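Colleague: What follows is a structure written as structure tokens; I'll ask about it next.
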Amino acid sequence: ALSWSYRLKRIDAGSNSTDLSPSWAHATKRLSRWLHRDDDCAEGLEPNPCDAQLNGVELVGCTLDAIHRRVLYDPKMKKDARKLQSVLDSGRASQEEMAKLLWYWLRERGFDARAAYGISAWNPHFQEDFPDTSTLQELLVHLPAQTGIEQPLFLDASCTQCAPGELPVHLAQGKALSLRDKGSSFSSTMHTIQAKPVAPDSLTYHYQLALSSQGEARVHASILSLEQQLSFDRRTLEQRLEDLLEWLREDIPFATLQSALQVELDSERGKEERSFDFSYWIAADPSNEHNENADAARTSLQEPSELVLPLRLLNSGWRCNDEERTQDVAIWRSSILTTNIEVELPEGYELVSAPSPQQQELSFLSSRLSISSEPASDGRPGRVSVSQRLSLTAGRWPASMWPEHCEAMNLAMAARQGVLVFQRVEDEQAPEALQASESAF
């Protein structure tokens, strides 16, 4: 125990400085001033929209749901104290604003709700006997055991995948400094959090691509939120869709949006799909700056004997550029990202070349790329399926693991540089169709 900590007032490290307190109680005074710095922030706030008949954990879950339906967590938002109604109206909020909104709405419904600062279980600098407020991270809401709440709950309002009793893995077994409002003052208590780690973030991008013999690709693109994400996570899907559209405009030559956003919600199965249609010309030369529209590409195509489909639709994120690392690798949330591409071939064309399948299993990264084909038969067109699955496992990992994982990550990302090659084959000279098996390549 660093019993001499009260003698230090500040630690300077380069341009950063950390104010120290002689005790957590003393630190609480500074934290409570921040919580109270804009006491009228709830002025004009609309009431908690949840059914008046709900209570206990059900009411807590409904309140979280109501916040996530209205507000998207934006990590770039500043900590400026805005009116909470303005936060709702803007649709975007900082982590602190979302916590404060949850705090007010729960207190309005009679809960003993307290502000709490989460401390990561992986934070190497935290010592309970050394009150350093820089180790305090997310602002949480603490619900002690009370009527309808059998076990204490710590809630992260910015975690759209977290049900009551769940937290991101780095907080699930961490600590929390809970602040109790006594009216004119606050008291603080350090708690060990006992929560269930939230299920991994899980998104599936699905592309159904109909390829014409002239080289036009008509695509139905959808983003599917699986049950693990909870069906109310709509704002996140909307943001993902906006990002995807922007990426398509920049990365896919001649991409033309053909339909607006479509939504399919299946509440019983706990999934939500958002989709749109677009088209582009795969035979257009992306290096030719003079090909400014699809018409220019269309006039240059006369049913070529070979069609080349770049796999640009595979995910382009997670690329690693820093192979030398001295600090441990901290992954805050597990995530699974799946991309499925189904290609319907034009009549008379078959797949003749494709990237090799991949399978990588490391400590905190796994990736799989599989490709299969199905020949045309009984009037049905030939099909090719490409599936890529990438997953990261939350945890704190030694820096020595980074180079190997970095190399594997870049290898997985390089798959989008690959191509599928289709050739037009005359009936009398048609080669044997590729078998519908991942081992075909």
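The values are calculated or read from the model by the stated rules, or taken from the named source; none is laboratory data. Predicted model only: the values in this text are computed from it and were never measured. Counting neighbours? That spans all protein chains shown, and the Cβs are built from the backbone with ideal geometry, glycine included. Note: accessible area is taken over every heavy atom of the protein model, side chains too, but ligands, DNA and RNA are not part of it. Shrake-Rupley method; radii C 1.70, N 1.55, O 1.52, S 1.80 Å.
Colleague: Which value in Å does the Kirkwood hydrodynamic radius of region 52-106 take, with 1/r averaged over all unlike C-alpha pairs and then inverted?
Modeller: On the way: mean 1/r = 0.0865 Å⁻¹.
Final number for the Kirkwood radius of region 52-106 is 11.6 Å.
Colleague: Tell me the per residue accessible area of region 37-129 using a 1.4 Å probe; a whole number in Å² is fine.
Modeller: Numbers: 4510 Å² over 93 residues.
Counting only protein heavy atoms, the per-residue value for region 37-129 is 49 Å².
Colleague: What translational diffusion coefficient, in µm²/s and rounded to a whole number, does the Stokes-Einstein relation yield for region 328-384 at 25 °C and a viscosity of 0.890 mPa s, taking the hydrodynamic radius as the Kirkwood radius over Cα pairs? All intermediate terms of the calculation are to be shown ahead of the outcome.
Modeller: Values: Rh = 14.4 Å.
The diffusion coefficient I find is 170 µm²/s.
Colleague: Just the ratio, please: alpha-carbon radius of gyration of region 64-144 over 2.2 N^0.38 Å, N its number of residues. Provide the component values of the computation, followed by the final result.
Modeller: Working: Rg = 14.2 Å, N = 81, 2.2 N^0.38 = 11.7 Å.
It is 1.21.
Colleague: Still on this structure, I have one more. Can you give the translational diffusion coefficient of region 107-205 in µm²/s, computed by Stokes-Einstein from the Kirkwood radius over Cα pairs at 10 °C and 1.306 mPa s?
Modeller: Values: Rh = 14.3 Å.
Value of D from the Cα-based Kirkwood radius: 111 µm²/s.
Colleague: Can you give the direction-averaged projected area of the convex hull of the alpha-carbon atoms in region 173-223, in nm²? Please report the intermediate quantities before stating the final value.
Modeller: Working: hull surface 29.7 nm².
If you wrap the Cα atoms of region 173-223 in a convex hull and average its projections, you get 7.4 nm².
Colleague: Magnitude of the Cβ-charge dipole of region 96-155, K/R +1 and D/E -1, about the Cα centre, nearest 20 debye? If you can, show how the numbers build up before the last one.
Modeller: Working: 4 positive and 9 negative charges, 52 e Å.
That gives region 96-155 a dipole magnitude of about 260 debye.
Colleague: Taking +1 at the Cβ of each Lys and Arg and -1 at the Cβ of each Asp and Glu, which of Trp122, His142, Leu54 sits farthest along the dipole of region 52-144 towards its positive end, judged by Cα position relative to the Cα centre?
Modeller: Leu54
Colleague: Please work out the Cα center distance from region 116-147 to region 346-372, rounded to the nearest Å.
Modeller: Taking the Cα centre of each part, region 116-147 and region 346-372 sit 44 Å apart.
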